[in-house]
Structures are given as structure tokens and as C-alpha cells.
Amino acid sequence: MNIILVHMVKASVYIAGFYIVHLIFLSRDTLYRRNRNFILLSVVSALILPFFTIETSNPIMPLFSKMLSEIFVTGSPYDSSILLTDKSSIQGYSWISVTYLTGVFIFGIKFLIDLLELIFLIKKHKKKGSRIIRIHGFNTAGFSAFGHIFINEKLSPYEADEIIRHEGNHLSHHHSLDIIFMELVKILQWFNPA
């Protein structure tokens, strides 16, 4: 489990770095395809890059450091202080693992509930031969998911047509898959503020 935790922490650092690059260079960019490609590529890269390590023949010395002479330390395997530190570090790792897995479980369950609610909406309100589903009581004008466009019934015909055209563009670019991918990454990276 420690390997997974270390990988997720490294990936979170990469995600934060890519997020800063996005904020600096692409946050005001109106070419949404470029933004989408950068975000997807950066998240995939952040998940892959921790698998690679760069080894150097000469270690890099910090700017402000002092070289100490080598020290050789030995200890008996039966030394009680060593056993206590090992046991406490194992307990620390288990608490971190339990906390991480609890977060993954909670956010995973929330994601499954959201998916089931969406599938229920599609089954309940879908009209044969139409991919447009009109629902009342929405907090939003509309959205698209799984090949369907959801529209708030309170919209005027002009507003509804604009939303349908806009969301149809999302459907043609398969943005639902992007959202599912990002939600899965958010489940694994629930602790990452970036």
C-alpha cells in the first residue's frame, strides 16, 4: 500500500505543477480544444511520470551544505527502542492508508450514486427517438451526458435551442468520457487541492 500512496503523492505534485502552468499560460485562452488537450495530457502525464526515476552518477549537492564524515551505526535486532520505532512507523502508515482508502471509498460511492441518478433520469424521462430530455426543477440551464442532452423546462425556445446546440457540440467531442476520466482521477486524488 505504501507504493500506491507514494505514487499518489508524487502524482499530486505533478498535477499541482501542471495546474500552475495552466493558470499562467492557458487560463485566459479561448481555444477550448487546446485547454482540453492540455488538461487531459497533463493529468495522464501526472499519473505516468511518477513511475520514472532519473538516476545520476554524481549526486547533486545542495547549495548550502556541509559534508560530514561517514558514520557506521549498528544495533541489535532485539533492541526494544528499534522495535518501538518500527511499530510506530507501521501504525502511522496504516493510519495514512486507512484514511486514504476511506476517502477513495467515500468519493467512489458518491460518484456511483451520481451515475445511478443520471441513469435513472435517462430511463425515466427519455422519449423514443430523441436524445433531448426536458426536466423541471433543474438548478442549471442544461448539460449533456451519455449521448443525451438535459434541458431545463423553464427555458424559452430560443434559450433551449442555444443550449441544445452548445451541448450537442459537447456530445460530438465525447466530453462525457472526459468527465468520467476526471472524476475517477478525483476519486484517487481526493486529498489534492489542485
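Taking H as built 1.01 Å from N, whose amide H comes closer than 5 Å to the amide H of I149, not counting residues under 5 places away?
I132, I133
Going by Cα centres, the stretch 17-54 and the stretch 86-155 are how many Å apart?
24
Under a plain spin-label model, where a point goes 7 Å from the Cα along Cα-to-Cβ, how far apart in nm are F52 and F111?
2.5
Give the peptides 135-147, 112-124 in descending order of average Cβ contacts within 10 Å, highest first.
On the way: 135-147: 13.8, 112-124: 11.7.
Per-residue Cβ counts within 10 Å, averaged per peptide and sorted highest first, yield 135-147, 112-124.
Restricting to lysine pairs 8 or more places apart or on different chains, what number in the stretch 112-194 have Cα atoms under 29 Å apart? Mind showing how you got there, number by number?
On the way: K123/K154; K123/K186; K124/K154; K124/K186; K126/K154; K127/K154; K128/K154.
Taking the Cα cut-off of 29 Å, the pair count is 7.
Where a number appears in this text, it was derived from the coordinates with a stated rule and is not lab data. Quick caveat: nothing in here was measured; it's all calculated off a predicted structure. Positions of Cβ are backbone-derived with ideal geometry, glycine not excepted, and every protein chain shown enters the neighbour counts.
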